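These notes concern the structure reproduced below.
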Amino acid sequence: MSLRVDSELCTACEACVEACPFGAIEVVDGVATPNEKCNLCGACVDVCPVEALSIEGKEAGPVADGYQGVWIFAEQRQGRLAPVAFELLGQGRVLAEKLDAPLAAVLFGSDVKDLAADLFTAGADQVYVADDPRLAGFTDDLYGGVLTQLIRQHRPEIVLSGATAMGRSFIPKVASALHTGLTADCTGLDVRDSDRLLLQTRPAFGGNIMATIICPAKRPQMATVRPRVMRRGPVEAGRSGELIEVSLSSFELVGRTRFVEFVEDLSEKVNLVEADVIVCGGRGLGEAKHFGLLRDLADLLGGSVGATRGAVDSGWISYAHQVGQTGKTVGPKLYIACGVSGAVQHLVGMQSSEVIVAVNKDPHAPIFDVADFGLVGDLFEIVPEMIGQLKAAKS
Amino acid sequence: MEILICIKQVPDTRDVKLDPETNTLKREGVDSIVNPFDLYAMEAALALRDAHGGQVTALTMGPPQAAEALRELVSYGVDEAALLSDRAFAGADTWATSYTLALGAKKLGGFDLIVCGKQAIDGDTAQVGPELAEQLGLPYAAFVRRIVSFDPESGRLTVERLMDDGYDVVEIELPALITVVKEIGEPRVPSLKGKMRAKKIDIPVLTAADIEADEDKIGLSGSPTRVLEVFAPQPRGQRVSIEGEPGEQVRELFEHLKKDKTLAAKVGAS
Amino acid sequence: MDYFLTEEQQMIQDLARQIAEEKVLPVRAELDEKEEFPRELLAHFAAADLCGLNIPEAYGGMGLGMFEQALATEQVARVCCGVAVSYASSGLGIFPLLLYGSEEQKQKYLPGVAQGKTLAAFALTESSAGSDASNIQTTAERDGDDYVLNGSKQWITNAGEADFYTVVAITDRTKGPRGATFFVVEKGDPGFSFGKREKKMGIRCSATGELIFNDCRIPADRVIAREGMGFIVAMRTFDVSRPGVGALGVGLAQGALEAAVDFARTRVQFGRAIINHQAVAHMLADMATSVEAGRALVYAVARYLDSGAKDISKVSAMAKLFTSDTAMKVTTDAVQIYGGHGYMREYPVEKMMRDAKILQIFEGTNQIQRNIIGQELNKESGRKKK
């Protein structure tokens, strides 16, 4: 496939040059000319006023023969299913209906078979369980190896996982081994009716644009999905399905990684990626001790404390709390930003939040451009007010 | 310890702005920088080299100007560098990129450890590190926040891997690959002698032919995924400005929030 | 403006600026607040090969000159004058050795400083000898193969932090100006201790304190040059170090100027950014002009010095005088432009104003600088053929 330019039609108006997000087309000698950065996204084709641009060549036909089914990886840690597993089942069900295919969940761990019941009631038609002491602690070698071989055996059309630390760690290994495409951190998934192709939408360029990705020729189509964006499906009590027990004895396993132990972060009752409410502090806090104020507010709201890079770099709170491009990506129901200016790199990490409240004494702070509710004022007056009013309401 | 760091030169996405009228990215005046996470990878590699001896080599796949990023790393103390550059590599997704880097790593040869930054700030996928490990058949640990210990006798590296709810301690056998997060340690400063060395150092360019790449596996044609379309994100934010004294502001805010059932439960029914 | 730096000089300037912005900027307010000596930051400069710019290569330095040193100092001072003083004062401490030290002494002391492993300090000032340097009271008596020092030094930069000190003491009171001698005193020498650390108006992270010599016994090989050369060594040291002090002033003023411009562009009063009010624009214009003039003067004097010129006293004094007065005025004006904000410690300019004052006082007060210039003008005129 290639981008074709009809030099007779081209007027060198440069509409394509402006439209291209990748700087991949320029006017050379009076004709629009693509360079090696072109990835055939077609943004230029859409804007050309004289239709001088077209994408030619046949898309390699999907190798869909024999691939069927939507799989989701049901992550569990410490015997507890991650909330994202249910979001995946919700979205997975929508995709499975469109494709008229079964929805299966894949569960790994030790002594975790009982968790399958929750997966069935949440919509899984099948649950593949690999229950083995060797899978008690997460290692990329084993989880990746087992999933790869399961996929080779059963050939699902689509495989989804949460874009959690675990998912982002081992799913790429699986995609690489299967020589197939993987799209990271999707915020939107859909199936194209014409050819059953999975349309995978995700932010790019630090969140400045959205891109829709496809995997036309390779199978399965794989994606990791941003937690807290997709909707959970309905829970049908009593619903059951096919439990498929997977024994590790049939697999070739390579174990060059040893899981030693898990050290829990006890500073947060709920981890940031799963939190419903996050109270985030930025440079405007001024000192480490003021995070105590945000902690009080977060506790009253049953939430967690986040921080901007500026606050973490100032040494006021540990990196585990950092939200943003070089920290964690979160999508809580409520995000309260206190003393946060709203630099682009921070916004990238929290734009999926459902409701954003901003408190900042600078009315021109960029955070107010993305906030649903903006409170211009002194956070050292407003946050105590919030705490006071919450306490009063609860008593 | 022979260490390879795989890096990327990226546009400074902190400066990239969307033009609201044309819905395209304004790219003028945007600097090219070394991907910030890769500086942390470099520091981790240099620290290991300082402790255990050996050499650090930097490798990148990119256009000819990516050599500047490699030179910058040499000014910090990286010993050698190589550039994978060929028109055929362009347009690669993470699979094709990791395939290419793997061949480059094999060509340079003899590495005990490969260190990558967690992700590049333009692609944000965090996939190349693990995919590269798989291409090379290496064990790996992603999101490493601390190197706990290295035992030269057994060749085992013990690391702390950052998870969403804490961290895992895992032990991997070298040769291996790790991707690192910021907690691994602040990058050092470059040196004057390093800058002078960086200016003069020869950076070999490896083409597709040099690494005997299979043309079906590199660049745009070697990529299992491709971009179907790009579009501007939905502008978000109702941008309701709440004024008044702090007490009034908070009261009004809570009234708004209570319109949502879940949030109403959290702020307490009045 | 382009000062036509060589590639190497440009690298030095870029590197010093990068370290200043990445490592010094985030902590400058805290260091000032806590009056904490910036040892970790000095380690960064050392790792960057910036601690031995004007030390000859034979002793592990970069073999460059005062111009290169001034370039680096200016970039650090632009971010924090206190850190810049700590960084540059070690350089002052080794000048007596660079200019007059024996080969053995240079081999012994210079490499450590070049690698950033050791710090030096220069010790002349005493309670009764500020501008009147010849009135020092600290004595050094020959005793066999040693000298024994008695007395104390006041307000010594890097006191307590430096590993060795170049100290001037009276060896023969009867010989007047030819009766003083420079010595190297090391931390740990018997009878050498430190007094209290001073609490200052500005450059608070810089360690300033007292040196106490109580029958301090040092071997005779610690004499620099020879007995009686003390004041010549001191005067010559000041001549060559003054452009460096000039660089402190230029950098500090530049930092204040930039902050003032940025603030004036965002602060809106009477419906427009205050930089669009002529009163403010004119202040900024005057500030910028004197900063540039100061920079041009310091660079010219440093280059002249590096060329090996001997008649540098007058211009060296001018470089120090003009830039320190400029720094005081520019930082004060910067606070004024910030208005009420400028008075608040939350904003960086009040620290810059506090930091500036010392530049008019140490390394020879500006009154002494004017004396020097006046005397030189007198001599020059006298030498003119009629």
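Compared with the dominant Cα axis of chain B, that is its longest principal axis, helix B:36-52 is turned about 40°. Assuming charge only on the beta carbon of Lys and Arg (+1) and of Asp and Glu (-1), the dipole of chain C about its Cα centre is about 1220 debye to the nearest 20. Reducing the stretch B:139-171 and the stretch A:241-271 to their Cα centroids gives an inter-centroid distance of 16 Å.
Counting pairwise Cα distances across the stretch C:7-119, what percent come out greater than 21 angstrom?
Working: 2055 of 6328 pairs.
That fraction is 32 percent.
Using the Karplus relation 6.51 cos²θ - 1.76 cosθ + 1.60 with θ = phi - 60°, the per-residue 3J(HN,Hα) values for the stretch B:82-95 come to 9, 10, 8, 9, 5, 4, 5, 7, 5, x, 6, 8, 5, 5 Hz, with x marking Gly and Pro. Each residue of the stretch C:50-63 is assigned a 3J(HN,Hα), and the resulting list reads 9, 9, x, 4, 9, 8, x, 4, 4, 10, x, x, 8, x Hz, derived from the Karplus form 6.51 cos²θ - 1.76 cosθ + 1.60 (θ = phi - 60°), x at Gly and Pro. For residue A:188, the residues whose modelled amide H falls within less than 5 Å of its own, excluding neighbours fewer than 5 places apart on the same chain, are A:201. A Förster radius of 56 Å combined with the Cβ-Cβ distance from residue A:287 to residue A:29 puts the calculated FRET efficiency at roughly 0.40. Near the amide H of residue C:126, under 5 Å away, which other amide H atoms are found, from residues 5 or more places off or on another chain, if H is placed in the peptide plane? Close amide H contacts, sequence-distant or interchain: C:154. With +1 on each Lys and Arg Cβ and -1 on each Asp and Glu Cβ, and nothing else charged, work out how big the dipole of the stretch A:2-56 is about its Cα centre, in Debye to the nearest 20. Here the stretch A:2-56 has a charge dipole of around 140 debye. Dipole of the stretch C:1-64 computed with +1 at Lys/Arg Cβ and -1 at Asp/Glu Cβ about the Cα centre; of C:5, C:15, C:51, farthest Cα towards the positive end is C:51. By the Cβ rule of 4.7 Å, chain A holds the following cysteines without a possible disulfide partner: A:10, A:13, A:20, A:38, A:41, A:48, A:186, A:215, A:280, A:338.
Its Cα centre serving as origin, the stretch C:153-268 has a Cβ charge dipole (Lys and Arg +1, Asp and Glu -1) of approximately 360 debye. GNM on chain C, alpha-carbon springs under 10 angstrom: the most fluctuating residue among C:325, C:145, C:333 is C:145. A simple spin-label model places the labels of residue B:107 and residue C:33 5.2 nm from each other, with each point 7 Å out along Cα-to-Cβ. Measuring nothing but how far apart in sequence close Cα pairs (under 8 Å, 6+ apart) lie, relative to its length, chain A scores a relative contact order of 12 percent. Could you grab the Rg to Rh ratio for the stretch C:121-226? Cα atoms only, Kirkwood for Rh. Result: Rg/Rh = 0.96.
Here the Kirkwood formula puts the hydrodynamic radius of the protein assembly as shown at 32.4 Å, using every distinct Cα pair.
Couplings 3J(HN,Hα) of the stretch C:227-235, computed from phi: 3, x, 8, x, 6, 5, 4, 5, 4 Hz, in residue order, whole Hz [Karplus 6.51 cos²θ - 1.76 cosθ + 1.60, θ = phi - 60°; x for Gly and Pro]. Positive end of the charge dipole of the protein assembly as shown (Lys, Arg +1 and Asp, Glu -1 on Cβ, about the Cα centre): tell me which of B:170, C:332, A:220 has its Cα farthest that way. Going by the charge dipole, the pick is C:332. Given A:361/B:118; C:23/C:200; C:320/C:384; C:106/C:199; C:108/C:357; C:200/C:329, which pairs have Cα atoms separated by over 29 Å? A:361/B:118; C:106/C:199; C:108/C:357, as the Cα separations exceed 29 Å there. Could you compute the net charge surrounding residue B:239? Neighbours are other residues with a C-beta less than 9 Å from the C-beta of residue B:239; K and R count +1, D and E count -1. Taking every other residue near residue B:239 into account, the sum is -2. As a ratio to 2.2 N^0.38 Å, the alpha-carbon radius of gyration for the stretch A:70-250 is 0.96. Rounded to the nearest 10 degrees, what's the angle between the helix C:81-100 long axis and the longest principal axis of chain C, both from Cα atoms, 0 to 90? Helix C:81-100 sits roughly 30 degrees off the main axis of chain C. For the pair the stretch B:209-244 and the stretch C:213-243, the centres of their Cα atoms are 67 angstrom apart. On the beta carbon distance between residue C:277 and residue A:195, with R0 = 56 Å, the FRET formula returns roughly 0.30. For the stretch C:38-135, the relative contact order is 31 percent, taking Cα pairs closer than 8 Å that sit 6 or more residues apart in sequence and dividing their mean separation by the residue count. In this structure the amide hydrogen of residue A:260, modeled in the peptide plane, comes within under 5 Å of the amide hydrogens of B:169, B:170, B:171, none closer than 5 places in sequence on its chain. Note on the stretch A:277-394: along the principal axes its Cα atoms extend 38, 27, 24 Å, ordered by decreasing extent.
Comparing B:252, B:171, B:153 in a Gaussian network model of chain B where C-alpha atoms under 10 Å apart are linked, the largest mean-square fluctuation is found at B:252. Separation of the stretch C:130-197 and the stretch C:109-127, taken as the distance between their Cα centroids, equals 14 angstrom. Considering only C:275, C:374, C:255, the residue lying farthest towards the positive end of the dipole of the stretch C:243-386 is C:374, judged by Cα position with unit charges set on Cβ. Using the rule -39500 (n - 2.57) for each DSSP H run of four or more residues, divided by the residues of the protein assembly as shown, the 222 nm mean residue ellipticity is -11500 deg cm²/dmol. Note on residue A:266 and residue B:148: with the Förster distance fixed at 30 Å, the Cβ-Cβ geometry gives a FRET efficiency of about 0.95. Springs between Cα atoms under 10 Å define the GNM used for chain C, and in it the highest mean-square fluctuation of C:345, C:303, C:242 occurs at C:345. Using the Cβ of residue C:220 as centre and a radius below 14 Å, the other residues enclosed give a net charge of -4, where K and R count +1 and D and E count -1.
Rounded, prolate or oblate: which one fits chain A, using the alpha carbon gyration tensor with axes a ≥ b ≥ c (rounded when a/c is under 1.5, else prolate when a/b beats b/c, else oblate)? It is oblate, given that a/c is not under 1.5 and a/b is not larger than b/c.
Laboratory data are not the source of any read-out in this text; all were calculated from the coordinates shown. Since this is a predicted model, take the numbers as computed values, not measurements. Quick reminder, even Gly has a Cβ in these numbers, built from the backbone with ideal geometry, and neighbours come from all protein chains shown.
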